[in-house]
Amino acid sequence: MGCYNNGLGSYQKWAIGNDIRAFLLKDENIVNHVGEKIFPLIAPESTVGDFIIYSREKYTKSAVKMGVYQDECEVAVVGISENYDDAVALASKIDNALCGLHTLENGVKLQITLADSSETFDDDKYIETLVFKIK
């Protein structure tokens, strides 16, 4: 059976962050809020205003004797703002843009659900972290 199945497949597991970024950039509410300021792992030091960072937190395979039957990732998407209300609004927009069924250009379907969320304040910024489970 190998590594490719009806889930994420052998390529998407490592590049899932790129797909998440593409989904966010397709959402008008996100683009109106942050423009293209959506970065993997860390934002450039010169970034001003509201922005988003994302990182793949976990990748797992579920298998039986016959092989892998499901790939699953978790991706953290973090909305950052200098204003609490804007940070919460950005978190809501991220949730709305990502939750649900998405189809990649290669036809692979991804089911994205919110698995966890938290908020904090650091370095004079309000930080809303949303963790999404992707199957």
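The values are calculated or read from the model by the stated rules, or taken from the named source; none is laboratory data. A quick note: this is a predicted structure, and the numbers were derived from the prediction, not measured. Note that we place each Cβ from the backbone using ideal geometry, even for glycine, and neighbour counts take in every protein chain shown. Ligands, DNA and RNA are excluded from the accessible area calculation, which covers all protein heavy atoms including side chains. Shrake-Rupley method; radii C 1.70, N 1.55, O 1.52, S 1.80 Å.
Quick notes on this one:
- Cα-based radius of gyration of region 84-131 once divided by 2.2 N^0.38 Å, which approximates compact folds: 1.41
- Here the Karplus relation 6.51 cos²θ - 1.76 cosθ + 1.60, evaluated at θ = phi - 60°, turns the backbone of region 118-128 into coupling constants of 7, 9, 7, 10, 7, 6, 6, 10, 8, 10, 10 Hz, with x for every Gly and Pro.
- Here region 58-118 is described by how far its Cα atoms reach on the three principal axes: 51, 24, 13 Å, from widest to narrowest.
- Extension gain, Glu45 back to Lys125 (0.36 nm per residue minus Cα-Cα distance, nm): 27.5 nm
- Fluctuation leader among Ser81, Ser118, Ser92 - the chain, Gaussian network, Cα springs under 10 angstrom: Ser118
- (i) 15.6, 52; (ii) 15.7, 54; (iii) 24.3, 89, with the label sought being that of the calculated Rg and Dmax of the Cα atoms in Å: (i)
- Cross-link partners of Lys125 among lysines, defined as those whose alpha carbon lies under 26 angstrom from its own and excluding same-chain residues fewer than eight positions apart: Lys26, Lys37, Lys58, Lys93, Lys133.
- Heavy-atom accessible surface of region 35-108: percent carbon and sulfur, 1.4 Å: 51
- Only the Cβ atoms of Lys and Arg (+1) and of Asp and Glu (-1) were treated as charged; on that basis the dipole of the chain about its Cα centre amounts to roughly 1020 debye.
- Looking at region 54-115, the GluC sites (Glu not before Pro) that sit in a DSSP loop and have at most 13 other Cβ atoms within 10 Å of their own Cβ are Glu82, Glu105.
- Rolling a 1.4 Å probe over the protein heavy atoms gives region 15-59 an accessible area of 57 Å² per residue.
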